[in-house]
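Undergrad: I am attaching a structure below and will ask some questions about it afterwards.
The values are calculated or read from the model by the stated rules, or taken from the named source; none is laboratory data. Predicted model only: the values in this text are computed from it and were never measured. Because the Cβ atoms are built from the backbone with ideal geometry, glycine has one as well, and the counts that use them run over all protein chains shown.
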Amino acid sequence: MVKVWIPALLRPLVNGQVKLAVEGSTVREALHNLSTTYPNLGARLWDGQHLRPGLAFAINGQIAPLGLSQTINTDDEVEILPAIGGGTLSPASHR
Amino acid sequence: MIIEEKPRQQETPAKPAYKVIGTRPVRPDGVEKVIGRAKYGADIDLPGMLYGKVLRSPVAHAYIRSIDTSAAEKLPGVKAVVTSADLPRLSSNEYIDMGEGGGQLQDLHDNILASRKVLYKGHAIASVAATNPHIAEEALSLIKLDLEELPPVLDPLEAMREDAPLLDDQRYTESLAGRSSKPSNIARHAQHAIGDIEAGFAQADVIVEREYRTSMVHQGYIEPQNGTALWDADDHITVWTSTQGAFSVRAELSKLLLVPLAQIRVIPMEIGGGFGGKIAVYLEPVAALLSRKAGRPVKMTMTRAEVLEATGPTSGTYIKLKMGAKKDGRLIAAQAYMVYESGAYPSSPLGAGMSCMLGPYDIPNVLIDGYDVVVNKPRTAAYRAPGAPAAAFAAESLVDELAGKVGLDPLTFRRINASKLGTRLANGNVLPRVGNYECITAAMESEHWNAPLSAPWRGRGVASGVWYNWGGLSSLTASVNADGSVTLTEGSTDIGGSRATAAMQLAEALGIPYESIHPFVADTDNIGYNDVTGGSRTTFATGWAVYEAAQQIKRQLIERAARLWECSETDVDYTNGVLTCKTNPDLRLSFKEMAEKAHSTGGTIVGCGNPSPKQFGPAFATHIVDVEVDPETGKVQILRYTAIQDVGTAIHPSYVEGQIQGGVAQGVGWALNEVYDYDEQGRLRNASLLDYRQPTTLDLPMIDTILVEVPNPTHPYGVRGVGEVPIVPPLAAVANAIAHATGQRFLKLPLNPDAVLRGLGKIK
């Protein structure tokens, strides 16, 4: 199971939890599985098949170079982050 | 008893024995610029070229009832007139990522030429192309505008009120949690949280809360915006412009004009400063529309007043900040309420401000709420470390107060709380190896910090700051010429010496002289995609691309040598620009000798690099400043300034020092004088450099620098971006020095003579 950190503004959609354990071998798979368990969260993450703009990901504190396609391993921590162009994080990192 | 813990992080490795990196060669573009031969956008002169001018809104907020251009069109010499009706109607409203900042497509569209409403004084409404600029200006005066004036909203806190006039009745507050039910001037709400804020403050022994304000300010680049466009009959567009990102201009034009990318060629000219302000397009799409109508090239340049009134300054801010510390000096909680004004369309650097504000500190309990608010001022744009300086003004001022309340000197307090490898920030990031601790230590050990300062009305201030930097995409090619020189074709526009730093890294990687490398910036038809020069990414990411290209060249050199010497490639060594055969010491070829044989041993040798590095290294800085305050006039004189910065590896130390000095100069201007001075109707009262008071050489001492080198472990040469963090600490450092000199805390910038005298109670 990987652990997914939930941004503060989305925590009300997952009963206030900060971190959630979920199965998944890529960021996309983990988020889809999370969205199945928490459909309201899923509605905020996805616009159809596309990730909503303004989100980026870090794996164990480092930006995921391949975004949604990034492979993850058991015990990895996935962070959903607000995207910031030209600074900390690129909005393009969810490609 | 306070016990400082040295952070448990890996030791700084010994600096490799570089041959080129760390030297200070002459910049490749230097001579052309010094003798005035370098070509800038305003130098473009094409056969049949027309001159374009823009009609701008005389008021800050109004409905456009009608625009009558008929008289202007009839003026002899006028070849084209355009309004928003000439822009294609867009079916999408996607987010356009410009690299450093971005925006919704419809907003960018409306900012180019206003359609339904004008949202700030200076908002472009119509444009004319004529055979000379004077006719174009006369034609503007013949355009009849019918505007229904509306009350402007200029203060972000007032704009947030429910009863405030709305700039856009279709604008709602967006956040990760969803969209507001009612329209609002609050375009975005963001939140960063870590730990338990209430429990944190409950543990604090000392709590301080303050409200801080900063003004909208401009980047102050010397070269005004310009753009020349030629729209061919076959719907190919060529644009010459001053930009930080030719590919960003191409993408913006493609989306706004609905023309495929491959039909747009953007030629970046030399650039007279940008600092984040030359990424969004203003004139280029208008020039293209005029060119399409007129069938001739159209050149447009802005006046200084247009630059100040109608391009993108950075946000004014309101920040309420509360921080708590334990008696031993450890920060335990911080809560912030941050409001950034966006100007007419959502664009403020709120996210970066939220992320950077408390970045220098390891605080277990943090809650930050941020609001991006539209007001009747020009749409904001990136400005050097966008969002961070105003945030640091608040945090570093408050940290200074807290240090005093727990009885610690400000540097010791900062070092006790310094963020470091493994620190989890409230935005979710976990810091990699950084040099924050080392910068504070270098400041504590500096001659400046330990020098006496005892005269009355003199004070010393310090402040820290962070900019996380960026990676982005770079693409380049390096072609080995038959004489041993190398042509380095890159697509990163050069605003801070990146041609030199790219060439130096290539020379280092190939083991050849810097002078053998000939770097130049290509246009969008001649190189692969490159992100903008911004986010302090270019020397880092283009350096990575150079390194990749060098490895490809080395592999080809080894292949050719093996072929010549009829040995295995594994028997060929390439070190310091020399090929040798491990099995036969007599066989030896220099890079130049091998280059001469390239064509006869398999053809041209070319390397390319197209990396997408994501593991960029954050940059930290700590600044020290001495000031003297004149209690009679309120004037603040900067007596001495020392900027200490973790620069990773200083590729060209002179450029690094220059970046730091430039950032400090801008930060001092922001702290002491610069302000967008609007009247109640939203008219900018100081739209000239005579009245918009930037610092001059008379206002600044020599700015000393201390380069701390903690290499970025994810870059082959340890590069960290250096260009942006130098502007982060000065606002607070100067304010803290003034507080030290006067015993009075100042919470609002700028600290011009008027503000200082008011703070001292000398005037009301």
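Undergrad: Quick one: how many residues across the stretch B:528-579 are free of Cβ contacts under 8 Å to residues at least 60 places away in the same chain, assigned to a loop (DSSP other than H, G, I, E, B) and among the small types (G, A, S)?
TA: Summing the residues that are free of Cβ contacts under 8 Å to residues at least 60 places away in the same chain, assigned to a loop (DSSP other than H, G, I, E, B) and among the small types (G, A, S) in the stretch B:528-579 gives 1.
Undergrad: How many residues are among the charged types (D, E, K, R) and modelled with pLDDT under 95 when one looks only at the stretch B:19-42?
TA: 4
Undergrad: Quick check on B:L140: is it assigned to a strand (DSSP E or B), under 17 Å from B:R56 (Cβ atoms), out of contact with any helix residue (DSSP H, G or I) (no Cβ under 6 Å at 6 or more places or on another chain) and outside the structural domain of B:M357 (by TED's automatic domain parsing)?
TA: When the stated conditions are applied, B:L140 does not pass them.
Undergrad: OK, next. All but one of (1) outside any strand (DSSP E or B); (2) outside the structural domain of B:A451 (by TED's automatic domain parsing); (3) surrounded by fewer than 22 Cβ atoms within 10 Å (Cβ to Cβ); (4) not acidic (D, E) hold for B:P585, so report the exception by its number.
TA: Only one criterion in (1) outside any strand (DSSP E or B); (2) outside the structural domain of B:A451 (by TED's automatic domain parsing); (3) surrounded by fewer than 22 Cβ atoms within 10 Å (Cβ to Cβ); (4) not acidic (D, E) is unmet by B:P585, namely (1).
Undergrad: Kindly provide the set of residues from the stretch B:263-301 that are in contact with a helix residue (DSSP H, G or I) (Cβ under 9 Å, 6 or more places away or on another chain), surrounded by fewer than 24 Cβ atoms within 10 Å (Cβ to Cβ) and part of a helix (DSSP H, G or I), ordered by number.
TA: B:Q263, B:R292, B:K293 - these are the residues of the stretch B:263-301 that are in contact with a helix residue (DSSP H, G or I) (Cβ under 9 Å, 6 or more places away or on another chain), surrounded by fewer than 24 Cβ atoms within 10 Å (Cβ to Cβ) and part of a helix (DSSP H, G or I).
Undergrad: Hey, among B:S84, B:S70, B:S91, B:S66, which residue is at pLDDT 95 or above, away from chain A (no Cβ under 14 Å) and more than 15 Å from B:L142 (Cβ to Cβ)?
TA: Checking each option against the conditions leaves just B:S84.
Undergrad: Out of the stretch B:368-383, which residues are away from chain A (no Cβ under 14 Å) and either over 16 Å from the mean Cα position of the chain (by Cα) or closer than 12 Å to B:A352 by Cα (or both)?
TA: B:V373, B:V374, B:V375, B:N376, B:K377, B:P378
Undergrad: Could you list, in sequence order, all residues of the stretch A:59-78 that are among the β-branched types (V, I, T) and either within 13 Å of chain B (Cβ to nearest Cβ) or in a loop (DSSP other than H, G, I, E, B) (or both)?
TA: Residues satisfying the conditions are A:I59, A:I63, A:I72, A:T74, A:V78.
Undergrad: Output yes when any residue across the stretch B:83-95 is closer than 25 Å to B:T301 by Cα and crowded, with 22+ Cβ neighbours inside 10 Å, and no when none is.
TA: no
Undergrad: Restricting the search to the stretch B:398-428, which residues are out of contact with any Leu (no Cβ under 7 Å at 6 or more places or on another chain) and among the polar types (S, T, N, Q)?
TA: Correct list: B:T412 only.
Undergrad: Please work out if B:G103 is assigned by TED's automatic domain parsing to the domain that holds B:R292 and either closer than 23 Å to B:V373 by Cα or out of contact with any Asp or Glu (no Cβ under 9 Å at 6 or more places or on another chain) (or both).
TA: In short, yes.
Undergrad: Looking at the stretch A:45-58 only, could you name the residues that are at the interface with another protein chain (Cβ under 10 Å from one of its Cβ atoms) and either hydrophobic (A, V, I, L, M, F, W, C) or touching a helix residue (DSSP H, G or I) at 6+ places or on another chain (Cβ under 6 Å) (or both)?
TA: Selection gives A:L45, A:L55, A:A56, A:F57, A:A58.
Undergrad: Let me ask another. Being surrounded by fewer than 16 Cβ atoms within 10 Å (Cβ to Cβ) and more than 30 Å from B:A549 (Cα to Cα) is the requirement here; does B:Q744 meet it?
TA: Yes.
Undergrad: Output the residue which, of all residues in the stretch B:413-451 that are assigned to a strand (DSSP E or B) and within 12 Å of chain A (Cβ to nearest Cβ), is nearest to A:N60 (Cα to Cα).
TA: In this case the residue turns out to be B:V430.
Undergrad: Checking the condition on the phi > 0 side of the Ramachandran plot, in contact (Cβ under 8 Å) with a residue 60 or more places away in the chain and either surrounded by 24 or more Cβ atoms within 10 Å (Cβ to Cβ) or of a type outside the set (K, R) (or both), which residue from B:G435, B:G496, B:G484, B:G461 passes?
TA: On inspection, the qualifying residue turns out to be B:G484.
Undergrad: Let me ask something else about it. I'd like to verify a number: residues in the stretch B:439-496 that are within 18 Å of B:A737 (Cβ to Cβ) and among the aliphatic types (A, V, I, L, M), how many?
TA: Total satisfying the criteria: 8.
Undergrad: Within the stretch B:57-77, can one find any residue that is touching a helix residue (DSSP H, G or I) at 6+ places or on another chain (Cβ under 6 Å), of a type outside the set (D, E) and part of a loop (DSSP other than H, G, I, E, B)?
TA: yes
Undergrad: On to the next question. For the condition under 29 Å from A:E79 (Cα atoms) and not basic (K, R), what is the one hit in B:E158, B:E223, B:E211, B:E198?
TA: Answer to the selection: B:E198.
Undergrad: Being surrounded by fewer than 18 Cβ atoms within 10 Å (Cβ to Cβ), aliphatic (A, V, I, L, M) and more than 18 Å from A:A58 (Cα to Cα) is the filter here, so list the residues in the stretch A:1-29 that pass it.
TA: A:V14
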